[in-house]
Structure formats: structure tokens, C-alpha cells
Amino acid sequence: MKRFLAATLLFLTCNVFAEDADIGGENGAPSGVELPAIIISPTKYETPLYGIPSSFTVVYEDEILSKGKPQVKDILKDAPGLNVAQSGGFGAATSIFIRGAESSHSLVMIDGVKVCDPTSTNGAFNFANLTLDNVERVEVLRGSHSTLYGSDAIGGVINIITKKGSGAPRVWASFEMGSHSTFKESFGSYGEFKGLSYSMAFARIDSNGISMAAAKYDNDETDDYSNTSFSSRLDFSPYDGFTAGTTFRYTDAEIEIDDSGGYGGDDPNRRNREKQIAASCYAEAALTKWWDVNLKWLWLYNKRFDKDFADYIDTNEYLYSEYKGSNVSYEFHNVFKLGEFGTLSGGIDYDKQQSDPFYYGVAAWGATLLDAAKAKDHNIGYYLQNRLTVGKNFYSIAGFRIDDHSEFGLHDTYKVSGKYIFDWGMSVKGTWATGFKAPSLYQLYDPGSGNSSLKPEKSKGYEIGIGQQLNEGMLEAESTYFYTELDNLIDWVMVDPSWFTGEYQNVKEAKIWGLENLLVFKPADWIKVKYSYTYLNTRNENTKQGLDRRPRNKNVVNLELKPLDNLDIQISYLYAGNRKDKRWIGGAEHQIILEDYHKIDASGRYVVNDNLEFFGRIENITDIHYEEIDGYGTPSRSFYAGAKATF
């Protein structure tokens, strides 16, 4: 394997690119390619892509529309360094692992609002219900970004940005139907008028779904799914140098779920419902030519229900749980333009999260009632970061942060990164960063398994990359090696096997290393091929075993064809290698291996004119049977088609 990695690195040294990053031209950008759009997440202010030294992926609205996927998780499956694991089909709980870190180590934001669920066991975000309606782009940062964002950003950051309205006001409506009796209706409007821009979208998804517990284990009852969402953005700029605005996203999703995966997992009347509101208000002003300020208020409210009643499978059964969580944040952010000394940014942010759980269940062994008091904590963060550009070739970002957590006191993190672009198109980059993750409220205070003595998880790591652009952008490539050490990792440990009870403990350390290879080939204006290969090696330093649900090898090929100006065809291939997973047998945990799989999807979009377009997609063309999580099903070959009208 070492020889294989060395050969891969040597190949890419001769051929390679910086993904989406994009080398040359004016202001330090490389010549021969169209200047890319900006990115916000790595600096918290608008920054050209080519000036970012660390690894990232940006998925823009055009690609989102071309692929025709309904949810954020669907487009992230193709991103390098990311692995998606879903416990079933439509609406099933979905986790994302960035570069092998835990799902709770990824900070997920909608327009800057931290949407990670304060009531979930590890504080991670569930991607099952987040749709792409009214989304302008999705920014993904790989590697630790705790310096800017504090806790939760050890593995990376995913920021979903709502579309900003522009042009004359327009109204649109869309309808889609497809396999598994799936229907989606949506409508919205966007536009701009005298300094006021707006966008809004309403969407409804209904599907009969598939069985959450895989059908091959004799689970034949389908689990239906519905999702109602609304998204809006309003920006007002009465004069140059001042803008104020607000964003709002509401989701109400309900799904029928099963008790478990594998044999006997079916439950005909257990239902889960989740409501979430993410809202923000901001005001930004240019106080001088060299000083900009930004004030933000960010709010998340999340409520989950789980209901189950007696059925023909288990007549002695009842469950009702209700978990309410919230997160309120305030931020004062400054940007100082210091000329040849770079751009200095810094500020103060305050986060307060709260969890209010209730659980009552009846089973064969008796009744269980958990009605804990509200749990809450808060954190104040102070951060400073400088972005320096030297000439047209060197870019660097260095930052430092101090967090003052209500339960764990002071923690400092830092990050240093740099990138140099040679005149002939080759680039080299490197990053060193540290991070920390506070335990979730559930891990600390849950009456059944909480442990108030837990310590924060910590990380340190680096990445080194080399890239190349040839023939004025016809061929671009990049290879990046990354390494991360994770300490004080938290896991649930069984204390009493006879009652299947346990608690959360700091039980392990882990090392993660790997290689991300990226290649883009554009032989003509109407054809583009993107290939990525991620090699990932994870190791629990206590057990010397790999971490669960992270394939060692992942290959993605995307072929984009535009034979006509108004026709876009996308074909994607995904290979995920063998992964480890857990299975409980007789009250004991056993490690099993999930088989590798190959999956092919295709989509098309035909724009008739400014008022009408048609779209469709085929998922799992070869109709393979695979599992992302042990015992849980995935959809078979599926067809979807629809149309959109704009007025």
C-alpha cells in the first residue's frame, strides 16, 4: 500500500490541480481560466477561491440544478473526503464523516446558524431532512476550523447558503414525481427592487418509501415519508457601505421508522417527527475604507418526537419521547484591510444551547420514565485571523482563538496555512491546526447514561498538497495528504450487560491519515470529467481497529455533457470500499464488515426557454443491493422526472 500511495503522489505531482481553487489571472488568480466565485466559510468574509490555502469544495447552484438531487446529503456523497451513512431510505437518520472524523466533529450551518442538534446523543446534525430548495451554494471545509468556529469543527465545516434574489421579480412553480410513489411540489419567488432583494421557496415531498430495515432480512413493510419546508432570504442595502438582512428556514418532516435493522426490525406504527427553525439577522457596514463590521443574531430551534404503540409484533409496547433543543448565538465580527500587511479579521461570539428531554416507554421488561431537568451551557469565543497575500503567488492564513466554556473553562486553538502558486501553474500548500470539541448535553446530563466528568475531545493535524494546471485549464489536478490525531474520544460503554445499561466515557484515541486525489479534464467546452479518489486509514489506538462506517477507498467519477447550450447531462459513478460496522448479538458488540459497492446515477436538464424547463434522473441504474449501515435498506433502481415553470 505504501508503494501504491507513493506512486499515486508521484503521478499527481506531474499532472495535478487545486480543486475548485483555481489558479491565475488578475489579483493573483491564474491566467487562462475564468475567475471563480467567492467563498465565505474559511474567513467569514468574501474571499476569492484561489486565495484559500486549505482544502475545500464548493457546490454551486448550476451543479445542484443539473444533478437534480432533492437534498444536501445527496450532493455531498460525491465530495472528496466525505462519507455518508444513512440508516435506511427516505428520511432515515443520516450522518456525514469528514476525513474520517466523527459525525459530531463536523459543524453544520445554514447561513451561519449552527444547526447541529443540541438534543442528539453526540450533538451531530441529522442530514435526513435538509433540502436544496432555495440554496445558492454549499461550502465544505475539510480539516479542523476550530480557530474560527470553536467547538464542533474538528473534522470540518459544512455551510449551506441561501440564494440571494436578483433581477426583476419572478415567480416559479415546480412538480416532480417518481419511484416509490414519490411526489414533490414546490413554488417560490425571487427578485430585487430599489436596494431590496428577496428569495423564498416552499416545498413538499411525499413518498411511500422503502423499508428502513433491509427487505432482504424479511422486512416487507414500507416506511412512508413527508417533508414540508420553507426558506427565505431578505437583504436591504439603502446606500453603499451598509446592508442588513435576515434568513429563515423551516422544516417539518415525519417518517415511519423501524425498531432496528436486520431480521425482526419491522415496526408497522412507529413514527418519528422533527421540526426545525433556523433564523438569522445581520447588519454589516463599512465604517471606513479599511474597517468593516458585521453584527449577527443566530437562532436554532429543534424538536423531535418518537411515538410507538402496541402492534401485532409486540402487544406490550408503548413509547413517547419529546426532545426540544435550542441554540442562540451573537457575533461581532471585524475586518481590517491593512494593505501590504494583509487582511486582519477578528471578533467575539457567544453561544448558548439548551436541551429539554422527555422519554416514557413500556416494554416486556417494564416501564421507563426519563424526565430530566433542562440542560444548558454557553461559550464565549475570542478569535483573530490574518490573511496575507504576497505578490501574485503566495497566500497564507494564520489564526488563534480562545474559548471560555461554562463547563470546561479556557481552551485555545490555532491554525497556520499557506499556499504558493508558481508561474507555470504548479501550486503547493500546507496547513497545521488544532481543535477541541465539548461533550454534548446528552453525554453530560442524560439521566440514563450521562457522565458529568467527561473531558473535551481534542485534535491536532496537518495537510500537505501539491497541484498543477496544464493547457490553460484543460487538465487540473491536486493531491493532498492529511493526518489527524484525536484524543479523549467519547463513546458509550456498557456497564451492566444484564440490563443493557451503560454510560459515556473518554475511552479512546484515534489516528487518521489519508490521501485525496482530484483530477479535472475538460477537452472541450461541452464535456467535463471530474475524478476523485480518497484513501482513508483510521485506527482506534485502544483496539487497533478501524473506525466504523469509513471506507478505506472511495472513487467518484462525474461526467458532465452539454451537447446543446440548453441541455445538461450528468453521469456519476461512486465506488465505496469495505467498511467496518457494529452488530449487537446476545447483548455483546461484534464487529462486522460491510461489503463494497458500485453505484451509477444519471440526470438531465433541458431548458426550453426562460419560462420552462424539464428535468429527470435515474438513481442506482444497475439496481445493486448495498448497505451504508448494517441491516438497513437502500433504494433500488429509481426514476424521477418533473418540470419547472417561471413567470
Can you report the number of residues in the range 495-520 which are without any contact (Cβ under 8 Å) to a residue 12 or more places away in the chain and either within 19 Å of TYR445 (Cβ to Cβ) or in a strand (DSSP E or B) (or both)?
2
Within the range 558-580, is even one residue assigned to a loop (DSSP other than H, G, I, E, B), free of Cβ contacts under 8 Å to residues at least 60 places away in the same chain, of a type in the set (A, V, I, L, M, F, W, C) and touching a strand residue (DSSP E or B) at 6+ places or on another chain (Cβ under 6 Å)?
no
The condition from (1) surrounded by fewer than 24 Cβ atoms within 10 Å (Cβ to Cβ); (2) more than 14 Å from the chain's Cα centre (by Cα) that GLY112 misses is numbered (2)
Looking at the range 521-535, which of its residues are among the aliphatic types (A, V, I, L, M) and at pLDDT 95 or above?
ILE527, VAL529
Please determine whether any residue of the range 578-594 is among the aromatic types (Phe, Trp, Tyr) and within 23 Å of TYR481 (Cα to Cα).
no
Give the range 43-71 a look and list any residue that's part of a helix (DSSP H, G or I), touching a strand residue (DSSP E or B) at 6+ places or on another chain (Cβ under 6 Å) and crowded, with 21+ Cβ neighbours inside 10 Å, or say none.
GLY51, LYS67
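Of everything in the range 282-302, what is of a type in the set (Val, Ile, Thr) and either part of a strand (DSSP E or B) or buried (at least 18 other Cβ atoms within 10 Å of the Cβ) (or both)? Give them in sequence order.
The answer is VAL293, and nothing else.
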Does SER207 meet the test of being surrounded by 19 or more Cβ atoms within 10 Å (Cβ to Cβ), among the polar types (S, T, N, Q), closer than 30 Å to GLY123 by Cβ and in contact with a His (Cβ under 8 Å, 6 or more places away or on another chain)?
yes
Among the listed residues GLY123, GLY100, which satisfies the condition of being over 24 Å from THR246 (Cβ atoms), assigned to a loop (DSSP other than H, G, I, E, B), touching a Leu at 6+ places or on another chain (Cβ under 7 Å) and of a type in the set (Gly, Ala, Ser)?
GLY100
For the structure I just gave you, tell me whether PHE305 is over 25 Å from the mean Cα position of the chain (by Cα), in a strand (DSSP E or B) and either surrounded by fewer than 18 Cβ atoms within 10 Å (Cβ to Cβ) or of a type in the set (Gly, Ala, Ser) (or both).
no
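Residue-by-condition table, conditions (1) among the small types (Gly, Ala, Ser); (2) surrounded by 16 or more Cβ atoms within 10 Å (Cβ to Cβ); (3) closer than 26 Å to GLY418 by Cα; (4) in contact with a helix residue (DSSP H, G or I) (Cβ under 9 Å, 6 or more places away or on another chain):
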residue	(1), (2), (3), (4)
LEU441	no, yes, no, no
SER452	yes, no, no, yes
GLN468	no, yes, yes, yes
GLU472	no, no, yes, no
PHE482	no, yes, yes, no
LEU489	no, yes, no, no
The range 361-376, residues that are hydrophobic (A, V, I, L, M, F, W, C) and surrounded by fewer than 16 Cβ atoms within 10 Å (Cβ to Cβ)
ALA363, ALA364, TRP365, ALA367, LEU369, LEU370, ALA373
Filter result for GLY339 (within 24 Å of LYS44 (Cβ to Cβ) and at pLDDT below 95):
yes
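On the given criteria, is TYR320 at pLDDT 95 or above, surrounded by fewer than 17 Cβ atoms within 10 Å (Cβ to Cβ), at negative phi and aromatic (Phe, Trp, Tyr)?
In short, no.
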For the range 164-182, how many residues meet the condition of being crowded, with 17+ Cβ neighbours inside 10 Å and over 30 Å from PRO238 (Cβ atoms)?
6
Hits in the range 581-603 - residues which are assigned to a loop (DSSP other than H, G, I, E, B) and either touching a Gly at 6+ places or on another chain (Cβ under 6 Å) or within 23 Å of SER636 (Cβ to Cβ) (or both)
GLU595, ASP596
In the range 257-278, is there at least one residue being at pLDDT below 95, of a type in the set (Lys, Arg) and buried (at least 18 other Cβ atoms within 10 Å of the Cβ)?
yes
How many residues are charged (D, E, K, R) and crowded, with 21+ Cβ neighbours inside 10 Å if we restrict to the range 210-255?
3
Hey, any hits in the range 420-434 for a residue that's under 30 Å from ASP525 (Cα atoms), under 25 Å from the mean Cα position of the chain (by Cα) and crowded, with 16+ Cβ neighbours inside 10 Å?
yes
Residues of the range 454-466 being of a type outside the set (Asp, Glu) and buried (at least 19 other Cβ atoms within 10 Å of the Cβ), which ones?
LEU454, PRO456, LYS458, SER459, GLY461, GLY465, ILE466
Kindly indicate whether GLY381 is at positive phi and crowded, with 17+ Cβ neighbours inside 10 Å.
no
For GLY631, only one of the following conditions fails: (1) at pLDDT 95 or above; (2) surrounded by 15 or more Cβ atoms within 10 Å (Cβ to Cβ). What is its number?
(1)
Please specify each residue of the range 159-186 satisfying the condition of being basic (Lys, Arg) and part of a loop (DSSP other than H, G, I, E, B).
LYS163, LYS164
Candidate set: the range 90-107, residues that are in contact with a helix residue (DSSP H, G or I) (Cβ under 8 Å, 6 or more places away or on another chain) and either of a type in the set (S, T, N, Q) or buried (at least 23 other Cβ atoms within 10 Å of the Cβ) (or both); chosen: the one nearest to LYS69 (Cα to Cα)
GLY91
Go through the range 526-557 and give me each residue that's surrounded by fewer than 19 Cβ atoms within 10 Å (Cβ to Cβ) and either of a type in the set (Val, Ile, Thr) or assigned to a loop (DSSP other than H, G, I, E, B) (or both).
TRP526, ILE527, VAL529, GLU541, ASN542, THR543, LYS544, GLN545, VAL557
Could you list, in sequence order, the residues of the range 483-508 that are more than 24 Å from the chain's Cα centre (by Cα) and acidic (Asp, Glu)?
ASP496, GLU503
GLU136 vs (1) of a type outside the set (Lys, Arg); (2) over 30 Å from ASP259 (Cα atoms); (3) crowded, with 23+ Cβ neighbours inside 10 Å: all pass except (3)
Filter result for TYR606 (surrounded by 13 or more Cβ atoms within 10 Å (Cβ to Cβ), part of a strand (DSSP E or B), out of contact with any Lys or Arg (no Cβ under 8 Å at 6 or more places or on another chain) and among the aromatic types (Phe, Trp, Tyr)):
yes
When residues of the range 184-202 are limited to those that are surrounded by fewer than 22 Cβ atoms within 10 Å (Cβ to Cβ) and among the aliphatic types (A, V, I, L, M), the one farthest from ASN302 (Cα to Cα):
LEU196
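The values are calculated or read from the model by the stated rules, or taken from the named source; none is laboratory data. All of these numbers come straight from a predicted model, not from anything done at the bench. Cβ: placed from backbone, ideal geometry, glycine included. Neighbour counts: every protein chain shown.
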